[in-house]
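The values are calculated or read from the model by the stated rules, or taken from the named source; none is laboratory data. Since the structure is predicted, the reported quantities are computational estimates derived from the model, not experimental observations. Cβ: placed from backbone, ideal geometry, glycine included. Neighbour counts: every protein chain shown.
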Ligand SMILES: Cc1ncc(COP(=O)(O)O)c(C=O)c1O
């Protein structure tokens, strides 16, 4: 199966690879997926006092589409308010990266990682976790 | 050196140019139907097939009358197993096979289960070999067939064929082997190995795609299989259909070349394979899968822990290899062969198969080592699991959300 140019671009030049200090109060961490399933994403955000995401980092174990989905997610997160970030939909990622149907689960995982990171930040800062009513699985 | 470098010779091999040369006349001038008994065109074709049949038989120590030409090993596997099941149904309905067989064997057995067959799927040890005691214990009076492959297509291990056939025969069953990966690569002798029926195919031994054979023993015992294709009664009634003359000629030539060059090829390739393996296992947390003593000379299957195989292959874009990971399938199930060895899912997802061949050069192997190392290191830099491993976190202690 051929990958789209955008997937190849993110895969070859992944944006925002790295690690933020998860013990800090203004850092939210989302770790989703499972090694047995062949993909694990860790996505982290750093948030300022206005609830705006100032930095985002990822590391992903998975196929090219999984790496590209998380790389793209970090790009989209930077500069967004956490409430707006919560509305990022996996289908936006599918569209942007032109993922084929067999790779949609990679985008789902990226969306899950975003939500998990934001909720981790919220809970750390005395806000309620937002439960998504969307069901993918 | 041409890029990408082809190291997937267990999937298929390039055709040897000498094979192509032998085939060409049979597409144009010598196009006759081998069954045309009344003119020179038919005789020429028939003669070519006789000649090829002899070359094919000679490679495996068989008599030419024991070779049935087919469209490939998938058809041969089907014909062997279904054909024995139908032919020997008065004697019994029990078949013994193994969980790491090719799908052409496993799915044929599953099909027969729906038609009343009882099938035992033997497990394998962590090195990929079957347990002979367990085989013996599984034999019953109703066992008509033991079907165990010669060499495994994913990990390259070689099963103890002679001991398996002895056990089958001791209990009155026939022994069938899928010899696809072994024939033409290592010495296979149907008499010495006690093989009753064997499937093999041209495109894994530098011959053309779409042509294969089934060896069916004619003496001690005389074996028969019920035809699965009805028609003109070709191939002693066991496989009807106009003969694929150019394909069969190419298959014959490929067998002749393998017989003459196999020993040298095997020696050279095992040196290259060992070089590849030792060059890659210097990487931390990399593991060779399968028994390292009993195996084909040209295959290496290695897991690189904490990176995912498909992602890895994408980084090795100048290498054509294959992976035990299957991130493309809806189920996300990694290789059933590696799982059969007891590998955890994450190690199975992290595996790469390197398949060397007659045309692989040392330069290509050096290139492969360097490309693979770079790719593994790149992906480990991206891998959260690698980071956790380096921090000493036990990954099993984490509650993963299965999706
Ligand atoms: C072990 C084994 N058996 C059977 C087959 C099927 O052979 P063919 O492609 O000739 O149908 C293959 C190749 O894919 C194989 O590796």
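Among the numbered conditions (1) surrounded by fewer than 21 Cβ atoms within 10 Å (Cβ to Cβ); (2) touching a helix residue (DSSP H, G or I) at 6+ places or on another chain (Cβ under 9 Å); (3) under 29 Å from residue B:69 (Cβ atoms), the only one that residue B:96 does not meet is (1). Filtering segment A:62-92 to residues that are over 13 Å from the mean Cα position of the chain (by Cα) and under 17 Å from residue A:32 (Cα atoms) leaves A:62, A:63, A:64. Against the list (1) assigned to a strand (DSSP E or B); (2) within 14 Å of the ligand (Cβ to nearest atom); (3) more than 26 Å from residue B:21 (Cα to Cα), the condition residue B:175 fails is (2). Restricting attention to segment B:336-372, the residues that are away from chain A (no Cβ under 14 Å), touching a helix residue (DSSP H, G or I) at 6+ places or on another chain (Cβ under 7 Å) and either surrounded by fewer than 23 Cβ atoms within 10 Å (Cβ to Cβ) or free of Cβ contacts under 8 Å to residues at least 12 places away in the same chain (or both) add up to 4.
Quick one: is residue B:56 closer than 14 Å to residue B:215 by Cβ, assigned to a helix (DSSP H, G or I) and within 16 Å of the ligand (Cβ to nearest atom)? Considered against the rule, which asks whether it is closer than 14 Å to residue B:215 by Cβ, assigned to a helix (DSSP H, G or I) and within 16 Å of the ligand (Cβ to nearest atom), residue B:56 comes out as yes. When residue A:125 is tested against (1) modelled with pLDDT under 95; (2) surrounded by 18 or more Cβ atoms within 10 Å (Cβ to Cβ), just one condition goes unmet, and that condition is (2). Checked against (1) touching a residue at least 24 places away in the same chain (Cβ under 8 Å); (2) more than 13 Å from the ligand (Cβ to nearest atom); (3) surrounded by fewer than 24 Cβ atoms within 10 Å (Cβ to Cβ), residue B:230 meets all criteria but (1). Of the helices (runs of 4 or more DSSP H) lying entirely inside segment A:2-107, the ones with 2 or more residues being facing another protein chain (nearest Cβ under 9 Å) and under 23 Å from residue B:375 (Cα atoms) are found at A:5-12, A:64-77.
Conditions (1) farther than 24 Å from residue B:139 by Cβ; (2) without any contact (Cβ under 8 Å) to a residue 12 or more places away in the chain, marked per residue:
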residue: B:36; (1), (2): yes, yes
residue: B:47; (1), (2): yes, yes
residue: B:52; (1), (2): yes, no
residue: B:61; (1), (2): yes, no
residue: B:82; (1), (2): no, no
residue: B:105; (1), (2): no, no
residue: B:112; (1), (2): no, no
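Scan segment B:325-346 for residues that are under 17 Å from residue B:291 (Cα atoms) and at pLDDT below 85 and the total you get is 0. For the subset of segment B:212-224 comprising residues that are closer than 26 Å to residue B:355 by Cβ and more than 8 Å from the ligand (Cβ to nearest atom), which member is surrounded by the most Cβ atoms within 10 Å (Cβ to Cβ)? The qualifying residue surrounded by the most Cβ atoms within 10 Å (Cβ to Cβ) is B:213. In segment B:7-14, the count of residues that are exposed (fewer than 14 other Cβ atoms within 10 Å of the Cβ) and in contact with a helix residue (DSSP H, G or I) (Cβ under 7 Å, 6 or more places away or on another chain) is zero. Surrounded by fewer than 20 Cβ atoms within 10 Å (Cβ to Cβ), touching a helix residue (DSSP H, G or I) at 6+ places or on another chain (Cβ under 9 Å), free of Cβ contacts under 8 Å to residues at least 12 places away in the same chain and within 14 Å of chain A (Cβ to nearest Cβ): does that describe residue B:333? It is true that residue B:333 is surrounded by fewer than 20 Cβ atoms within 10 Å (Cβ to Cβ), touching a helix residue (DSSP H, G or I) at 6+ places or on another chain (Cβ under 9 Å), free of Cβ contacts under 8 Å to residues at least 12 places away in the same chain and within 14 Å of chain A (Cβ to nearest Cβ).
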